[in-house]
Amino acid sequence: MAESYTLGIETSCDETAAAVYHTTQGMLSNSLFSQIDLHRAFGGVLPELASRSQLEKIVPIVQSALVEANITLDAIDTVAVTYKPGLPGSLLVGLCFAKSLAWAAGAKLVGVNHLEGHVFSSLIENDVPFPHICLTASGGHTAIYLVEGWGSYTLLGSTIDDAAGEAFDKVAKLMHLPYPGGPEIEQYARRVNFRDDRRYPRSKIGSFDFSFSGIKTAVLYDLVKRGAYDLKQKKFLAGEDEVLRSEVASALLVCVGDIFLDRLANAVKQYPHVRAVTFVGGVACNKYLRERFQSYCTKRDLSFFVPSPQFCTDNGAMIARVGAHKASRGEYAEWDLDIF
Ligand code: KG4
Ligand code: ZN
């Protein structure tokens, strides 16, 4: 592979991210602005606010990625950018900016699928062997893949409704806990040592697909039954009851863990030649879930890889890395590349 610099730009949702990857020196920078504080008051991402903030942050974040990598724009050979899937307004900011920048710098343009970025994020820090099974879970997507090589991956199953992170965010909101809900759910669950007293339904056992909306409803009716939630007023009534919050959070997390391990077991059974497993996306920051994957894999002599948290949540590095691979194969985009 010829030596080259790739600038990766990611703006698909509520993070403005950029990174520089060099073919032999590796990842040279990874800059990020997260809008979490902006959306917290609304309990979720507000698309209009998200795109406005992308517009404000794109220049300083790209600049900081170049500075951290100790290069100037003219060194960049390829500009890789997320073009799908995501919030249209947010995606457009990154794509328009990437096109202008590539044009001005005389660089090539590469379009990257955000989900492909997550799938290969485990390879930023580790030499993960192929083929492997990848479970990706975040606020917008949950899926399981058979990954056979760079750019070569097969979707085995995905969520038919909510994403796993979305289930954490929604249940946290029900219990009047701040956005994003995932880290809150984990902290509360830890207080009762990941006990499962509520037994929420394990959905789609034995398949490759996921479904999380029924679990959210089960939690809602559990709260109603316990007098902790008023359906008419849409109000959480047990604000001071930390035991109840912890029990619900813990049962939800264990339930999601069981579902993830069931899907993994189904994949390992169907593809017994696979010797490695990866867990990626924002939900992969969860230490409890990481440990469950690790112990499952250790027992079966499978290698397990999970990116460090900065590469689990949305980031520019995964876009730069996949973009560099596409560039090495000459898979460039046309200037009329559109968002999807
Ligand atoms: O990958 P990401 O940053 O953005 C999307 O592409 O959606 O993932 C964000 C999601 C949120 O739903 C958040 O609640 C979840 O990841 N998350 C977690 C944890 N940290 C973030 N879920 C469970 N446990 C965590 N520690
Ligand atoms: Zn993502």
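The values are calculated or read from the model by the stated rules, or taken from the named source; none is laboratory data. From a predicted model like this one, the values you see are computed outputs, not experimental measurements. Cβ coordinates were reconstructed from backbone atoms using ideal geometry, including for glycine residues, and neighbour counts include every protein chain displayed. Remember, those area values only see protein heavy atoms, side chains included, never the ligands or the DNA or RNA. Shrake-Rupley method; radii C 1.70, N 1.55, O 1.52, S 1.80 Å.
Assorted remarks:
- Given R0 = 30 Å, the distance between the Cβ atoms of ASP338 and LEU49 translates into a calculated FRET efficiency of 0.80.
- Each Cα pair under 8 Å and six or more residues apart adds its sequence gap; the mean of these over the residue count of the chain is a relative contact order of 24 percent.
- Considering only alpha-carbon pairs that sit under 8 angstrom and 6 or more positions apart, the relative contact order computed for region 227-340 is 18 percent.
- Accessible surface of the chain [probe 1.4 Å, protein heavy atoms]: carbon and sulfur percent: 52
- Region 278-340: translational diffusion in µm²/s, Stokes-Einstein, Kirkwood Rh over Cα pairs, 4 °C, 1.567 mPa s: 92
- Restricting the calculation to Cα atoms, every distinct pair contributes to the Kirkwood radius of the chain, found to be 20.6 Å.
- Scanning residues 5 or more positions from VAL192 or on other chains, none has an amide H under 5 Å from its amide H, with H placed 1.01 Å from N in the peptide plane.
- Helix-only CD estimate at 222 nm, as mean residue ellipticity for the chain, using -39500 (n - 2.57) per DSSP H run (n ≥ 4): -13500 deg cm²/dmol
- Cα radius of gyration and Dmax for region 101-236 (Å): 19.2, 63
- Spin-label pair LEU220-GLU3: with each label point 7 Å from Cα along the Cα-Cβ axis, the two points sit 5.8 nm from one another.
- In sequence order, calculated HN-Hα J values of region 323-334 (Karplus, 6.51, -1.76, 1.60; Hz; x Gly/Pro): x, 5, 5, 4, 4, 5, 9, x, 8, 8, 9, 7
- Label-point gap, in nm, between THR298 and ALA41 - each point 7 angstrom along Cα→Cβ: 4.6
- Rounded to 10°, Cα long-axis angle of helix 242-270 versus longest principal axis of the chain: 60
- Whole-angstrom gap from region 198-250 to region 323-340, using each part's C-alpha centre: 43
- Once both labels are positioned 7 Å from their Cα atoms along Cα-to-Cβ, the gap between ARG190 and ALA104 label points is 4.3 nm.
- Anisotropy class of region 188-228 from Cα gyration tensor, a/c 1.5 cut: oblate
- Extents of region 20-61, taken as max minus min of Cα coordinates on every principal axis and listed largest first, are 43, 19, 13 Å.
- All lysines inside 23 Å of LYS235 as judged from Cα atoms, apart from same-chain residues fewer than 8 positions distant: LYS170, LYS173, LYS216, LYS225
- Long-range Cα-Cα pairs in region 209-340 (distance over 19 Å), rounded percent: 67
- Reduced Cα scattering model of region 211-284, Debye log10 I(q)/I(0), q = 0.17 Å⁻¹: -0.77
- Cubic angstrom per residue, convex hull over Cα atoms of region 1-124: 101
- Segment ARG202-GLU68, length gained on full extension (0.36 nm per residue, minus Cα span): 43.7 nm
- Gyration tensor (alpha-carbon) shape descriptor, region 245-314, a/c threshold 1.5: oblate
- Taking 0.36 nm per residue of separation and subtracting the Cα-Cα distance, full extension of the segment from LYS234 to TYR271 would add 8.8 nm.
- Residues of type lysines that LYS326 reaches as a straight line, Cα spacing below 21 Å, ignoring anything fewer than 8 places off in the same chain: LYS84, LYS99, LYS108
- Rounded accessible area per residue of region 1-155, 1.4 Å, Å²: 40
- Calculated diffusion of region 112-160, Stokes-Einstein form, Kirkwood radius summed over Cα pairs, 20 °C and 1.002 mPa s, µm²/s: 194
- Net length gained if the chain between GLU148 and LEU261 were fully extended (0.36 nm per residue, minus Cα distance): 38.6 nm
- Between region 170-190 and region 266-285, the C-alpha centres lie 26 angstrom from each other.
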